[in-house]
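Just so it is clear, none of the values below were taken in a lab; they were calculated from the coordinates. Here the structure is a predicted model, which means the values were calculated and not measured. Quick reminder, even Gly has a Cβ in these numbers, built from the backbone with ideal geometry, and neighbours come from all protein chains shown.
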Amino acid sequence: MSAHPVDRRKDFYQRIDAHGMTPLWEVLHNLVPPTPATPCQPALWRYETVRPFLMESGDLISAREAVRRVLVFENPGLRGASSITHSLYAGLQLILPGEVAPCHRHAQSAIRFIVEGDGAYTAVDGERVVMRPGDFIVTPAWTWHDHGNPGGVPVVWLDGLDIPLVRFFDAGFAENGAEEVSQPTGSADARTFSYPYEAARDALMGVRAGASLDPRHGARHTYRNPVTGGYPTPTMAAFLQWLPRGFAGQASRSTDAAVYCVVEGRGRTSVGGTDLHWGPRDVFVTPSWTPVRHFADDDAILFSLSDRPAQEALGLWREEGSA
Ligand SMILES: [Fe+2]
């Protein structure tokens with residue numbers, strides 16, 4: 001009498017396992033889910049909670065020794081992976097007066113959104129730009145970059161990098177500069193890597209004046225590289241959005257998880273069943289394909305970034321909403 005089919009299968013799986021094989025039919029549902037099934041969770045980091053730890057880290061280690069003094073925001077569903085979403089890394093970086101974060105370059109590209117403090121600079125291929133709150137600076141893949149703070153106050157910014165994406169492709173390279181501070185190469189065009197707040201805010205107010213509000217996103221400005229017209233980096237998009245006081249947004253969802261940094265105002269974002277209450281300088285994350293609704297208590301401005309360009313390039317990006 002032959003064995004029960006379940007036992008025969010188990011025996012079969014064990015025998016093919018020894019040869020480095022596994023049956024698709026046992027994992028097909030997980031491999032090809034009907035809708036995105038992310039381990040990423042909604043989460044918020046309150047600036048008033050994070051800032052004392054960040055300042056404490058300034059006593060523990062210098063920017064020079066740390067190379068980059070950053071407290072990494074780890075998504076609660078991805079602890080240990082240095083990831084805020086499956087594809088993106090984010091953290092707050094501190095540079096104290098008189099400090100230098102030494103020159104290096106890497107395959108990962110970065111968006112740096114200034115959260116607090118005036119007077120620090122980022123140099124890209126030796127071309128220095130000053131960093132002011134609300135500005136963001138791009139350090140494109142494989143460009144030399146260093147940061148310095150010749151000013152008198154601590155400077156803090158949100159770093160957003162495509163570290164997990166590059167890790168996924170096993171395509172990461174990195175190199176330290178021969179000198180601590182990069183030398184101008186003449187190859188960097190500041191217009192393509194520096195996005196001052198005032199210009200973006202003006203553009204946003206233009207969007208606000210020119211059209212009726214999007215019921216999901218309020219008025220939203222998509223940052224564009226002024227030379228290429230494309231996104232700021234090949235893997236990351238950035239947005240600035242304005243929500244009027246009393247705004248109660250309709251639900252929308254998209255396949256790009258987003259990292260938000262609050263610039264002005266207070267409000268709440270409902271993400272699936274989770275309410276994230278936010279105020280200035282707080283950082284929060286909305287996972288892929290989870291319904292998002294924004295509510296504003298005051299006139300509010302939110303900066304956000306996501307991996308949308310990478311998803312669009314791969315033909316994967318989708319959005320669904322009631323607008
Ligand atoms: Fe870097």
Rounding to the nearest 20 debye, state how big the charge dipole of region 1-153 is about its Cα centre with +1 on each Lys and Arg Cβ and -1 on each Asp and Glu Cβ.
400
Treating the beta-carbon of each Lys and Arg as +1 and of each Asp and Glu as -1, no other charges, what is the dipole magnitude of the chain about its Cα centre, to the nearest 20 debye?
800
Which residue fluctuates the most in the chain, going by a Gaussian network model with Cα springs under 10 Å, if the choices are Ser87, Ser187, Ser252?
Ser187
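Could you line up His147, His29, His86 from fewest to most neighbouring Cβ atoms inside 10 Å?
His29, His86, His147
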Starting from the Cα of Glu65, step 7 Å along the direction of its Cβ; do the same at Phe169; then give the gap between the two resulting points in nm.
3.6
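At a 10 Å Cβ-Cβ cut-off, how would you order Thr255, Thr233, Thr274, Thr35, fewest neighbours first?
The fewest-first ordering by Cβ neighbours comes to Thr35, Thr274, Thr255, Thr233.
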What's the exposure ranking of Trp289, Trp157, Trp25, going from fewest to most Cβ atoms within 10 Å?
Trp25, Trp289, Trp157
Dipole of region 1-119, positive direction: furthest Cα of Gly58, Pro97, Val70, with charges on the beta-carbon
Val70
Tell me the mean residue ellipticity at 222 nm calculated for the chain from its helices only (DSSP H runs of n ≥ 4, each -39500 (n - 2.57), averaged over every residue, nearest 500).
-5500 deg cm²/dmol
Return the tail of the calculated pair distribution for region 32-106, meaning the percent of Cα-Cα pairs more than 22 Å apart.
37
Report Rg (one decimal) and Dmax (nearest whole number) for region 53-172, counting Cα atoms only, units Å.
13.8, 41
Write down the radius of gyration of the chain and its Dmax, each obtained from C-alpha positions, in Å.
22.1, 85
What is the extension gain from Asp7 to Glu319, computed as 0.36 nm multiplied by their sequence separation minus the C-alpha to C-alpha distance, in nm to one decimal?
107.9 nm
